[in-house]
1. Does Ser54 satisfy the criteria of being assigned to a helix (DSSP H, G or I), at pLDDT 95 or above and more than 13 Å from the chain's Cα centre (by Cα)?
2. Which count do you get for residues in segment 81-102 that are in a helix (DSSP H, G or I) and under 20 Å from Ser113 (Cα atoms)?
3. Which is farther than 14 Å from Glu22 by Cβ, surrounded by 16 or more Cβ atoms within 10 Å (Cβ to Cβ) and modelled with pLDDT under 95, of Ala109, Ala90, Ala139?
4. Assess whether Leu7 counts as being in contact (Cβ under 8 Å) with a residue 60 or more places away in the chain and either in a loop (DSSP other than H, G, I, E, B) or surrounded by fewer than 22 Cβ atoms within 10 Å (Cβ to Cβ) (or both).
5. Which of the residues that make up segment 1-16 are over 12 Å from Val123 (Cβ atoms) and not polar (S, T, N, Q)?
Amino acid sequence: MRDKPCLTADDIQRAMAACKAEAVKNKWRVAIAIVDDGGFLLHFERMEGVAPVSAEVAVGKARTSAVTKRPSKVFEDRVKERPAFANFPAGMLIQGGLPIIARDECVGAIGVSGVASHEDEQVAQAGVTALAPRRRVVAKLQTPVRPK
């Protein structure tokens, strides 16, 4: 049997806090959805003043990214190239959803709606980045070259 990582309650809270901080920093009002790897809602927040339809769009973007393991923008671009792709059953084919990848596995996704699509994605990226493993950069000491 193989092990598969999954989002914890702490992960979800950390991602949501990072998303909200990015939105507040930019004075954007958005709806934010975090889903598991199957696209099922784990956490949702709609900031004050956000249109009700943004709630459904945020969840749809997150679901699309989770079940396809790709940013939702991939599908928006694909529809531009091939309009028939709009019938693809993945969900909301609009930029603003990003998968959360851990140990090369999709463990969930974040979808955002309420501002321009590229800004929605910027907010989602803040949440994904907050969950990235903390990497310690170690500087290599170079051995000095001694003249002969």
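The values are calculated or read from the model by the stated rules, or taken from the named source; none is laboratory data. Note that the structure is a prediction, hence the values are computed from the model and not measured. Glycine gets a Cβ as well: all are built from the backbone with ideal geometry, and neighbour counts include every protein chain shown.
1. Details: assigned to a helix (DSSP H, G or I): yes; at pLDDT 95 or above: yes; more than 13 Å from the chain's Cα centre (by Cα): yes.
Considered against the rule, which asks whether it is assigned to a helix (DSSP H, G or I), at pLDDT 95 or above and more than 13 Å from the chain's Cα centre (by Cα), Ser54 comes out as yes.
2. Going residue by residue through segment 81-102, those that are in a helix (DSSP H, G or I) are 81, 83-87.
Now narrow it down to the ones that are under 20 Å from Ser113 (Cα atoms): 86.
Residues in segment 81-102 being in a helix (DSSP H, G or I) and under 20 Å from Ser113 (Cα atoms): 1 in total.
3. Values: Ala109 fails: modelled with pLDDT under 95; Ala139 fails: surrounded by 16 or more Cβ atoms within 10 Å (Cβ to Cβ).
That would be Ala90, the only listed residue that is farther than 14 Å from Glu22 by Cβ, surrounded by 16 or more Cβ atoms within 10 Å (Cβ to Cβ) and modelled with pLDDT under 95.
4. On the way: in contact (Cβ under 8 Å) with a residue 60 or more places away in the chain: yes; either in a loop (DSSP other than H, G, I, E, B) or surrounded by fewer than 22 Cβ atoms within 10 Å (Cβ to Cβ) (or both): yes.
So Leu7 passes the test.
5. Going residue by residue through segment 1-16, those that are over 12 Å from Val123 (Cβ atoms) are 1-14.
Listed by number, the residues that qualify are Met1, Arg2, Asp3, Lys4, Pro5, Cys6, Leu7, Ala9, Asp10, Asp11, Ile12, Arg14.
This table checks each residue for (1) of a type outside the set (A, V, I, L, M, F, W, C); (2) in contact (Cβ under 8 Å) with a residue 60 or more places away in the chain.
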residue	(1), (2)
Met1	no, no
Ala15	no, yes
Ala21	no, yes
Arg29	yes, yes
His43	yes, no
Arg46	yes, no
Asp77	yes, no
Phe85	no, no
Phe88	no, no
